[in-house]
Amino acid sequence: MALIPVFDLDGTLIDSDEALVAPFVRLGVPREHVTFGHVLDHECDRLGIAVADYLAAYDDRAAQPFPGVTDLLASLDRWAVCSNKHAEAGHAELDRLGWEPEVSLFSDAFGGPKRLAPVLDALDVGPDQILFVGDTVHDRECARAVSARFALAGWNPRSRGQEGDLVLREPGEVLGLLAGGWSGAQSAGTG
């Protein structure tokens, strides 16, 4: 049975670091104070910014797909998105890019940081039937929490593998994993 890929959005499917940082900088936050992988409400609270002000300053056209992502998604029958992104911005990004995942859940669906359980429920599958692809420690923890397979989006230069991670060099490698071909990926710490 082929696995269903579930993707994080920011930093995995789209190269959004600059798009995510820019509103904070416009609102007076020093660039080096901004961190990634959080629910927007939490990061705004931490940095003393109102979510509404951040969303007003956010340009949902600024982030672009990583090279190879659009081709990968076009080749998939079933796929999903599980993201900490604010739902308004997340749906706007998906619409702009013409991407239509079977399931797309954002921060409003989780009552806190993203979790894979609601995505599994919406897809009506078990954790052994998905591959979660992400770029952060939190993404790795989401997969572990439900005992799902995890692959690190190594095409994002900011992603950092941990010992034992399956690190993908480019988005097309996901296709081999979906059919069970784990040999093409490189584990962190192995070279």
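Compute a Gaussian network model of the chain, connecting alpha carbons closer than 10 Å, and tell me which residue from Glu93, Glu102, Glu170 fluctuates the most.
In the Gaussian network model the winner is Glu102.
Compute the whole-percent fraction of alpha carbon pairs in region 1-55 spaced more than 15 Å apart.
Every Cα pair in region 1-55 considered, those over 15 Å come to 50 percent.
Determine the sum of side-chain charges near Leu9: Lys and Arg each +1, Asp and Glu each -1, restricted to other residues whose C-beta is under 9 angstrom from that of Leu9. Walk me through the intermediate numbers first.
Numbers: positive: Lys85; negative: Asp8, Asp10, Glu93.
Once positives and negatives cancel, what remains is -2.
Under the Karplus relation 6.51 cos²θ - 1.76 cosθ + 1.60, θ = phi - 60°, what is the ordered set of whole-Hz ³J(HN,Hα) values for region 127-134, x standing for Gly and Pro?
Values, residue by residue: x, 6, 9, 10, 10, 9, 10, x Hz.
Let me understand region 11-144 better: what is its radius of gyration from the alpha carbons, and its Dmax, in angstrom?
14.9, 44
Quick one: the Cα spread of region 129-179 along its three principal axes, in angstroms, biggest first?
Largest first, region 129-179 extends 26, 25, 15 Å along its Cα principal axes.
Report the residue, chosen from Asp71, Asp60, Asp17, that carries the largest GNM mean-square fluctuation when the chain is represented by alpha-carbon nodes joined by springs under 10 Å.
Asp71
Read-outs: derived from the displayed coordinates by stated rules, not from any lab. It should be emphasised that the depicted structure is a prediction, and the values quoted were computed from it without experimental measurement. Here Cβ is always computed from backbone atoms with ideal geometry, including for glycine, and neighbour counts include all displayed protein chains.
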